[in-house]
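Peer 1: I'd like to ask some things about the structure below.
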Amino acid sequence: MAELFMIGGATDVMLERLGEKFTIHRAQDMEDPQAWLAANGNGIEYVATNGHDGVKPEFMAAMPNLKAISCYGVGYDAIDTHAARARGVVVTHTPNVLNAEVGTTAVLLMLACYRELLRDDAYVRSGRWETEGNSALTRSADNQTVGILGLGRIGQAIADKLAPWGTKIVYHSRSQKDVDYTYYGDLVEMARDVDTLICITPGGPATNKIVNREVLDALGPQGTLINVSRGTVVDEEAMIAALQDGRLGWAGLDVFEAEPHVPEALRKLNNVVLLPHVGSATLETRAAMGALTVDNLLQHLQDGTVISPVPECADM
Ligand code: NAP
Ligand code: 8YV
């Protein structure tokens, strides 16, 4: 049996399938995973992890015979893929199987902001409907201009899901795509022209705080920010200040800078909808992600190839 070091959670099905071919060593069961690796890391050939926990550099260093890292998630900014590649370690992730689900989450957040779902739910629960009458009117989510920051696999799924609302889609990314939507080379310009900005780029240094004060001010008091990418993509402090001052209208957020910590100032605001990073978190989609995570490991064990390498490892 090959030796697998597992970082973070896994479904029962994943554990069962992996258990048939690997001896699984779970970091969560160890008092001191680093000390365990110092004693046993030589034997580890495979790692299963997720986009949030990644693989710490000191863990990587303690596994000299590592062959492959399988990430349960499409985002892999917590894994140093260049260092892995330099060592001949292939990194895989779970693209495509979660596009529709994360698209649904983005639309859910947008609709909740426009139609004040949380405010009106609270209105009914509090009994105020009975004592004060109808609640205040909301904004229609129909016929809005939505700017997608990062028109990749999930960005396209979001655009598709918004079509029935008569949405005009525009987008910003580093390169222009072969699509009919209007491309903006400049994010501030796009933010100025849209009603809603939806962030769905990868995290990491290249996108760190690219949604800054200038972008937020361009989006403006009637603007809505949706973030289903990574918390690091948005300058959280600047966003909170803009929401507090009314310089930014609304925000629907699935991701935060220092998860699971969410600043109290943000939690106190009424013009936000907050989710605990559940963009892909349905039973169906997590099952599909788990299956691909396991399939990558099993295939590598069998013939040294993988199904869905990260782009940096595509030619390994
Ligand atoms: P993808 O297909 O690689 O798309 C990423 C898009 O971002 C591309 O259009 C890319 O275009 C653009 N991009 C990359 N770097 C950029 C930059 N510096 N500035 C502007 N645009 C940039 O990835 P995906 O599968 O759609 O996933 C996107 C991300 O969603 C993941 O990496 C992950 O962080 C996040 N995610 C979140 C959840 C959740 O639960 N909330 C779930 C799944 C994924 P260019 O290369 O042309 O710039
Ligand atoms: C997961 C994600 O929450 O795929 C991603 O990039 O952010 C989510 O689907 C996460 O990776 C699971 O740990």
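Peer 1: Which numbered condition in (1) in contact (Cβ under 8 Å) with a residue 24 or more places away in the chain; (2) polar (S, T, N, Q); (3) outside the structural domain of Asp235 (by TED's automatic domain parsing) is the only one that Gln302 fails?
Peer 2: (1)
Peer 1: Condition check: more than 16 Å from ligand 2 (Cβ to nearest atom) and either under 28 Å from His261 (Cα atoms) or within 26 Å of the chain's Cα centre (by Cα) (or both). Does Ala2 satisfy that? I'd like the intermediate steps shown before the answer.
Peer 2: Values: more than 16 Å from ligand 2 (Cβ to nearest atom): yes; either under 28 Å from His261 (Cα atoms) or within 26 Å of the chain's Cα centre (by Cα) (or both): no.
No: the conditions fail for Ala2.
Peer 1: Go through region 305-316 and give me each residue that's in contact (Cβ under 8 Å) with a residue 12 or more places away in the chain and assigned to a loop (DSSP other than H, G, I, E, B).
Peer 2: Taking region 305-316 as the starting set, the residues that turn out to be in contact (Cβ under 8 Å) with a residue 12 or more places away in the chain are 306-310, 312-313, 316.
Passing the criteria: Val306, Ile307, Ser308, Val310, Met316.
Matching residues to (1) crowded, with 23+ Cβ neighbours inside 10 Å; (2) in contact (Cβ under 8 Å) with a residue 40 or more places away in the chain:
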| site | (1), (2) |
| --- | --- |
| Gly43 | no, yes |
| Ala62 | no, no |
| Ala68 | yes, yes |
| His93 | yes, yes |
| Thr105 | yes, yes |
| Val124 | no, no |
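Peer 1: Considering only helices (runs of 4 or more DSSP H) fully contained in region 1-88, which possess at least 3 residues that are under 28 Å from Glu101 (Cβ atoms) and not β-branched (Val, Ile, Thr)?
Peer 2: Values: elements: 12-19, 33-40, 57-61, 81-86.
Qualifying helices (runs of 4 or more DSSP H): 12-19.
Yes/no per residue for (1) more than 16 Å from ligand 1 (Cβ to nearest atom); (2) modelled with pLDDT of 95 or more; (3) touching a Phe, Trp or Tyr at 6+ places or on another chain (Cβ under 7 Å):
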site	(1), (2), (3)
Arg26	yes, yes, no
Asp32	yes, yes, no
Trp36	yes, yes, no
Ile44	yes, yes, yes
Val47	yes, yes, yes
His52	no, no, no
Glu58	yes, yes, no
Asn65	yes, yes, no
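Yes/no matrix, rows are residues, columns are (1) aromatic (Phe, Trp, Tyr); (2) within 16 Å of ligand 1 (Cβ to nearest atom); (3) touching a strand residue (DSSP E or B) at 6+ places or on another chain (Cβ under 8 Å):
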position: Ala106; (1), (2), (3): no, yes, yes
position: Leu117; (1), (2), (3): no, no, yes
position: Ala122; (1), (2), (3): no, no, no
position: Gly127; (1), (2), (3): no, no, no
position: Gly133; (1), (2), (3): no, no, no
position: Ile169; (1), (2), (3): no, yes, yes
position: Lys177; (1), (2), (3): no, yes, yes
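Peer 1: In region 179-212, what residues are under 22 Å from Glu259 (Cβ atoms) and in a helix (DSSP H, G or I)?
Peer 2: Residues of region 179-212 that are under 22 Å from Glu259 (Cβ atoms), as a first pass: 197-212.
Within region 179-212, Pro205, Ala206, Thr207 qualify.
Peer 1: I'd like to verify a number: residues in region 267-297 that are surrounded by 18 or more Cβ atoms within 10 Å (Cβ to Cβ) and over 17 Å from the mean Cα position of the chain (by Cα), how many?
Peer 2: So the answer is 5.
Peer 1: Out of region 176-210, which residues are without any contact (Cβ under 8 Å) to a residue 12 or more places away in the chain and within 21 Å of the chain's Cα centre (by Cα)? Please lay out each step first, then the result.
Peer 2: Going residue by residue through region 176-210, those that are without any contact (Cβ under 8 Å) to a residue 12 or more places away in the chain are 176, 178, 180, 205-206.
If the condition is that a residue be without any contact (Cβ under 8 Å) to a residue 12 or more places away in the chain and within 21 Å of the chain's Cα centre (by Cα), then Pro205, Ala206 are the ones that fit.
Peer 1: Every residue in region 200-232 that is crowded, with 23+ Cβ neighbours inside 10 Å, near ligand 1 (Cβ under 6 Å from one of its atoms) and polar (S, T, N, Q), please.
Peer 2: Passing the criteria: Thr201, Ser229.
Peer 1: A further question follows. Which of the following residues is under 24 Å from Thr207 (Cβ atoms), surrounded by fewer than 17 Cβ atoms within 10 Å (Cβ to Cβ) and either of a type in the set (D, E, K, R) or out of contact with any helix residue (DSSP H, G or I) (no Cβ under 9 Å at 6 or more places or on another chain) (or both): Ala35, Ala86, Ala78? Don't jump to the end; show me each part of the working.
Peer 2: Working: Ala35 fails: under 24 Å from Thr207 (Cβ atoms); Ala78 fails: surrounded by fewer than 17 Cβ atoms within 10 Å (Cβ to Cβ).
Of the residues listed, the single one that is under 24 Å from Thr207 (Cβ atoms), surrounded by fewer than 17 Cβ atoms within 10 Å (Cβ to Cβ) and either of a type in the set (D, E, K, R) or out of contact with any helix residue (DSSP H, G or I) (no Cβ under 9 Å at 6 or more places or on another chain) (or both) is Ala86.
The values are calculated or read from the model by the stated rules, or taken from the named source; none is laboratory data. Note that the structure is a prediction, hence the values are computed from the model and not measured. We place every Cβ from the backbone using ideal geometry, glycine too, and count neighbours over all the protein chains shown.
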